[in-house]
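Comments concern the structure below.
The values are calculated or read from the model by the stated rules, or taken from the named source; none is laboratory data. Only a predicted model underlies this, so the values are computations on that prediction, with no experimental measurement involved. Glycine also receives a Cβ, built like all others from the backbone with ideal geometry; neighbour counts cover every protein chain displayed. SASA here: full protein model, heavy atoms, side chains in, ligands and nucleic acids out. Shrake-Rupley method; radii C 1.70, N 1.55, O 1.52, S 1.80 Å.
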Amino acid sequence: TGACADLATALCIAAEGVGARARLIGAGATLAATTGAGNDCVGDDLDTHVILMPPSQDIDDCAAAAQVADFFGNRTWWPGVTDGITDCWLVTVGGEFVAADDAPPGAVHAAASAGFRSIGADHPGVSFRHLDLPTELTVPESAEALVAALHTGDETELAFRHGGLYAKRIVAGDAAVA
């Protein structure tokens with residue numbers, strides 16, 4: 001769609017800075033990348049798809065539902081999964097509540113990340129991953145956070161907040177006092 005062209009360009013530059021490569025594919029909402037050094041990011045060398053969602057406006061529930069339906073119904077962002085692709089990342093903005101100072105999650109990005117995980121059921125052997133960025137990051141900061149996430153082991157759900165990556169964890173809570 002071209003809505004994230006600045007971030008896509010910054011990601012290509014940031015990837016090169018760590019010895020990886022990234023390039024735009026399709027309509028400009030998706031990037032293909034190699035996470036290993038020395039790859040030239042063509043043909044069978046691709047191992048990762050990165051789908052960038054533009055920040056969404058503060059909209060009502062009906063408009064949010066329509067945007068999510070359009071996102072999954074049209075799939076102009078979806079390049080498909082080819083041999084050699086091991087990871088597909090969806091990058092959202094403000095779609096997760098992570099830190100105490102976070103605003104409530106945006107409905108469009110929260111719903112898109114949940115639906116994106118469901119697509120993974122059709123592609124065994126490919127990890128469908130998610131990175132949520134905060135709304136206040138600059139484009140270069142977002143690109144650097146994304147490169148860091150792409151080089152994170154087996155984490156499938158990450159959020160970048162306050163200069164670091166957060167992973168979702170289930171932890172035992174304190175027992176209720178009777």
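Quick one: with all protein chains in place, what share of the accessible area of segment 60-171 is carbon or sulfur, to the nearest percent (1.4 Å probe)? Show your work: numbers first, answer last.
Numbers: 3150 of 5730 Å².
Its accessible area is 55 percent carbon and sulfur atoms.
Between beta-carbons, use under 14 Å as the cut-off and find the net charge around V126, counting Lys and Arg +1, Asp and Glu -1. Please report the intermediate quantities before stating the final value.
Numbers: positive: R117, R129; negative: D47, D83, D87, D122, D154.
Around V126, the surrounding residues sum to -3.
Could you give me the ³J(HN,Hα) list for segment 122-130, computed from phi with Karplus coefficients 6.51, -1.76, 1.60 and θ = phi - 60°, whole Hz, x at Gly and Pro?
My calculation for segment 122-130 gives 7, 9, x, x, 10, 7, 9, 10, 9 Hz in order.
Give the long-range amide H neighbours of S127: residues separated by 5 or more places, or on another chain, with amide H under 5 Å away, using H modelled in the peptide plane at 1.01 Å from N.
D87, C88
Take every DSSP beta bridge with both residues inside the chain and express the antiparallel ones as a percent of the total, to the nearest 5.
On the way: 13 of 28 bridges.
If we restrict to bridges inside the chain, about 45 percent are antiparallel.
On a 1.4 Å probe surface of the protein chains, which of L137, L52 comes out largest in accessible area, and what is the full order? Walk me through the numbers before you get to the answer.
Working: L137 40, L52 5 Å².
Descending order: L137, L52.
What percent do you get for the relative contact order of the chain when only Cα pairs under 8 Å and 6+ apart count?
Working: 295 pairs, mean separation 35.0, N = 178.
With pairs under 8 Å counted, the relative contact order is 20 percent.
Need the full-extension length gain, I13 to S127, defined as separation in residues times 0.36 nm minus the C-alpha distance. One decimal, nm.
Values: separation 114, 0.36 × 114 = 41.04 nm, distance 2.43 nm.
Here the segment from I13 to S127 would lengthen by 38.6 nm.
Using mean Cβ contacts within 10 Å as the protection proxy, how do 116-126, 8-18 order, highest first?
On the way: 116-126: 12.4, 8-18: 18.4.
In descending order of packing, they fall as 8-18, 116-126.
Could you list which residues have their amide H under 5 Å from that of G95, counting only those 5 or more apart in sequence or on another chain, with H placed in the peptide plane?
G106, L133
Could you sort R161, R75 by their accessible area in this structure, using a 1.4 Å probe and putting the largest first?
Values: R161 5, R75 95 Å².
If we order R161, R75 from most to least accessible, we get R75, R161.
Of P134, V147, G164, whose Cα points farthest to the positive end of the dipole of the chain (charges on the beta-carbon: +1 Lys, Arg; -1 Asp, Glu; origin at the Cα centre)?
V147
Skip the ligands, DNA and RNA, and give the accessible area per residue of the chain with a 1.4 Å probe, whole Å².
Numbers: 9350 Å² over 178 residues.
Heavy-atom SASA per residue in the chain reads 53 Å².
Using θ = phi - 60° and the Karplus form 6.51 cos²θ - 1.76 cosθ + 1.60, what ³J(HN,Hα) does each residue of segment 15-20 get, whole Hz, x for Gly and Pro?
Each residue of segment 15-20 in turn: 4, 4, x, 10, x, 9 Hz.
For segment 98-104, what does the Karplus curve 6.51 cos²θ - 1.76 cosθ + 1.60, with θ = phi - 60°, yield as ³J(HN,Hα) per residue in whole Hz, taken in order and with x for Gly and Pro?
With the stated coefficients, segment 98-104 comes to 10, 10, 4, 8, 6, 6, x Hz.
Could you list the GluC sites (Glu not before Pro) in segment 91-178 that lie in coil according to DSSP, counting only those with at most 13 other Cβ atoms within 10 Å of their Cβ?
On the way: sites: E96, E136, E141, E144, E155, E157; in loops: E96, E136, E155.
Of the GluC sites (Glu not before Pro), the ones in loops of segment 91-178 whose Cβ has at most 13 other Cβ atoms within 10 Å are E136.
If each of R117 and T135 carries a label point 7 Å out from its Cα toward its Cβ, how far apart are those two points in nm?
Here the answer is 2.3 nm between the modelled labels.
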